[in-house]
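Quick note: the coordinates plus some simple rules give every number you see, no bench work behind them. Treat the numbers as computed from the prediction; the structure is a model and nothing was measured. Here the Cβ is made from the backbone with ideal geometry for all residues, glycine too, and neighbour counts use every protein chain on show.
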Amino acid sequence: MANKSKAINWFLHRITGTFLVFLLITHFWVQHYDSQVASISKTVVTQEQTTPEYPNEAQEAVEARFAPGEVDGYYNEDGSVTPYGVVMLRLADPVYAVLWKGFNILFLIVALHHGFYGLNNVLTDYIRNDMGKMVAKTLSWSLALVLLVIGLYSVITAGW
Amino acid sequence: MAVETAERPEAHEVTQEVQTDTSRFQRYRVRTGMFAWMAHRLSGLALVGYLVVHIWGLRALTSPEAFNALIAKYHAPIYKVGEFLLLVAVAYHAMNGLRIVLIDFLGWSPNQKKLFWTLGAVTAVIIAVGGYPSIYALVDHYFLS
């Protein structure tokens with residue numbers, strides 16, 4: 001019985017891994033390299049803890065969707081857009097928010113399964129007694145569950 | 001899970017090493033495949049650690065003020081270095097993982113080594129192109145402005 005479930009998880013690990021490559025490319029692209037968020041400007045690295053300056057594309061996109069003063073946190077006092085405003089372009093979109101939230105939830109589940117299955121592989125390789133293996137397994141999957149709940153809550157409520 | 005890409009060693013070499021190396025660590029034969037496997041585990045562990053911190057930090061998504069403060073903090077130089085290291089870990093883990101999947105599902109092939117070095121080159125390109133913004137921002141901050 002144990003062997004059969006291990007084989008399924010082994011297979012799933014490869015499937016989730018392959019899947020993650022595509023999810024990560026999308027995630028990295030929209031969060032770091034897309035023209036709206038790519039800010040290779042002098043203000044990107046700063047010790048001052050000020051929000052980065054976004055390119056005009058981001059400014060215009062946020063202005064087009066969320067009027068200044070309508071919601072707190074979308075604009076800085078000088079009228080420039082904030083990182084929250086840029087992220088909400090997707091997560092508070094009237095039409096596509098559901099799709100982006102779905103993408104993020106799928107990403108969350110796949111990444112957690114892949115990461116914690118891999119972690120358990122490593123742990124059970126080095127922990128030799130059965131009791132220790134069980135404790136490590138229980139603790140790590142509990143942490144994964146907590147992260148799943150936090151992640152789901154954050155993504156679902158963001159922008160609502 | 002481990003994938004050995006080094007050519008099969010001569011038989012007498014093996015017996016000699018097993019007999020002389022008594023410590024647990026030295027019994028591992030660190031060649032290309034072994035190194036790839038160890039780096040895969042280490043980068044995997046690092047990525048799980050990052051995943052935990054990342055999801056924990058995303059609680060800030062529920063509050064505009066907290067989120068903006070978090071992003072502002074992430075623009076300190078130290079996080080730019082972290083960003084680059086993250087890309088290195090992700091690129092390596094993804095490409096070596098792809099290699100493992102290809103070997104597991106398609107089987108061994110005489111082109112084993114070619115696959116290894118091709119994916120190695122792809123990884124280097126991903127790191128160079130994807131990491132350019134982070135490195136440029138750091139160089140700009142410390143040397144150009």
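Please give, to one decimal in nm, the separation of the simple spin-label points placed at A:Val21 and B:Thr32, each 7 Å out from Cα toward the Cβ.
A separation of 1.9 nm, rounded to one decimal place.
Rounded to the nearest 0.05, what FRET efficiency do A:Ala7 and A:Glu77 have when you use their Cβ-Cβ distance and R0 = 51 Å?
So the FRET efficiency works out to roughly 0.30.
Go ahead and run the numbers for FRET between B:Leu106 and B:Ala76, Cβ-Cβ distance against an R0 of 41 Å, rounding to 0.05.
Working: r = 44 Å, r/R0 = 1.08.
Once rounded, the FRET efficiency stands at 0.40.
Find the lysine pairs in the protein assembly as shown meeting two conditions, Cα atoms under 24 Å apart and a separation of 8 or more places or different chains, and report how many there are.
Going through the protein assembly as shown pair by pair, I get 6.
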